[in-house]
Amino acid sequence: MQEIVAIRHVAFEHLGVLGPFFSLNSWNIRYIDANEVSLSQLNPLEPDLLVVLGGPIGAYSDTDYPFLRRELNLIERRLHAEKPLLGICLGAQLMAKALGSAVYPGTAKEIGWHRISLTPDGEQSCLSELASCNYRVLHWHGDTFDLPEQCLRLASSPLTINQAFSYGKHALGLQFHLEVDAAEIEQWLIGHALEIAETPGVNPTDLRQDSAKYGGIVAVSGIRCISKWLGIQYTPKLKLLEF
């Protein structure tokens with residue numbers, strides 16, 4: 001059985017709909033909370049796949065959150081060993097930082113179910129599977145980053161030029177979320193209540209309604225995207241997610 005280690009920063013930002021997909025394909029999932037001592041004991045080269053999930057802190061906030069230094073070290077070692085690595089939101093920002101790029105606040109917060117545009121490289125990548133949801137994904141970030149050297153930009157949005165990138169064939173960074181289970185969106189609305197209140201044009205009612213409208217098809221498209229990236233056959237059993 002193959003093993004996935006997912007580094008988690010807050011409890012509700014987990015693998016979401018990707019969890020059942022991995023389980024159905026006989027992958028064992030192990031979570032490690034980034035602030036725990038166990039993170040420093042992790043050999044980043046052992047898991048078959050390392051996933052670095054999102055969170056509400058900045059990749060540049062290592063003075064306030066020293067565990068980020070250990071996390072960056074793990075990511076650097078994983079990248080240099082060319083082992084499969086998926087970074088989502090904060091995870092993608094940490095990947096960019098580990099590859100030598102700056103991470104910094106964007107011009108505005110980007111929150112909600114909005115479309116991305118694929119670059120020519122993105123159209124040839126696993127992100128092509130997002131055509132089935134019209135390239136609509138969940139955005140929830142205020143920071144952005146410069147594209148690291150030797151990386152391919154795969155997607156952009158009007159607010160964020162670097163929405164997705166690849167580093168060789170083994171590393172994929174996604175600024176957006178395609179893993180979120182829309183049935184659990186209330187946890188996001190509660191956990192990020194202050195950020196929602198402070199962001200003009202964003203409110204829980206619209207986010208809740210859009211999650212019900214778009215969440216199902218984005219989930220299936222996201223699973224197809226990740227299965228293509230990993231070279232795993234998409235299984236019809238996951239039709240249960242098409243709600």
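The values are calculated or read from the model by the stated rules, or taken from the named source; none is laboratory data. None of the values given here were measured: they were computed from a predicted structure. Every residue, glycine as well, gets a Cβ built from its backbone with ideal geometry; the counts of neighbours run over all protein chains shown.
Mind listing whichever residues of region 28-60 are farther than 21 Å from K83 by Cα and aliphatic (A, V, I, L, M)?
V37, I57, A59
Given the structure, is I217 of a type in the set (V, I, T) and either crowded, with 21+ Cβ neighbours inside 10 Å or not in a helix (DSSP H, G or I) (or both)?
Judged against the criteria, I217 is not a match.
With the condition kept exactly as written, say whether any residue in region 54-61 is closer than 20 Å to A182 by Cβ, touching a Phe, Trp or Tyr at 6+ places or on another chain (Cβ under 8 Å) and touching a residue at least 60 places away in the same chain (Cβ under 8 Å).
Within region 54-61 (the criterion being closer than 20 Å to A182 by Cβ, touching a Phe, Trp or Tyr at 6+ places or on another chain (Cβ under 8 Å) and touching a residue at least 60 places away in the same chain (Cβ under 8 Å)), the answer is yes, since at least one residue qualifies.
Of these, N73, N28, N43, which one is in contact with a strand residue (DSSP E or B) (Cβ under 7 Å, 6 or more places away or on another chain) and either at positive phi or surrounded by fewer than 17 Cβ atoms within 10 Å (Cβ to Cβ) (or both)? Please lay out each step first, then the result.
Values: N73 fails: in contact with a strand residue (DSSP E or B) (Cβ under 7 Å, 6 or more places away or on another chain); N43 fails: in contact with a strand residue (DSSP E or B) (Cβ under 7 Å, 6 or more places away or on another chain).
Result of the check over N73, N28, N43: N28.
Determine the pairs where a residue that is in contact (Cβ under 8 Å) with a residue 40 or more places away in the chain and crowded, with 24+ Cβ neighbours inside 10 Å, located within region 159-175, has a partner that is of a type in the set (K, R) and part of a strand (DSSP E or B) with Cβ atoms under 6 Å apart, the partner being 6 or more residues away or on another chain.
F165/R153
Considering only region 10-25, state which residues are farther than 28 Å from G106 by Cα and loosely packed, with under 15 Cβ neighbours inside 10 Å.
Within region 10-25, S23, L24 qualify.
Assess whether Y214 counts as being at negative phi and in contact with a Leu (Cβ under 7 Å, 6 or more places away or on another chain).
Judged against the criteria, Y214 is not a match.
I'd like the full set of residues that are buried (at least 21 other Cβ atoms within 10 Å of the Cβ) and hydrophobic (A, V, I, L, M, F, W, C), limited to region 125-141.
Within region 125-141, L127, L130, C133, V137, L138, W140 qualify.
Given the structure, is I7 touching a Ser or Thr at 6+ places or on another chain (Cβ under 7 Å) and either buried (at least 17 other Cβ atoms within 10 Å of the Cβ) or at pLDDT below 95 (or both)?
Working: touching a Ser or Thr at 6+ places or on another chain (Cβ under 7 Å): no; either buried (at least 17 other Cβ atoms within 10 Å of the Cβ) or at pLDDT below 95 (or both): yes.
So I7 fails the test.
Can you tell me which residue among D206, D146 is of a type in the set (D, E), surrounded by fewer than 17 Cβ atoms within 10 Å (Cβ to Cβ) and closer than 26 Å to I75 by Cα?
When all the criteria are applied, what remains is D146.
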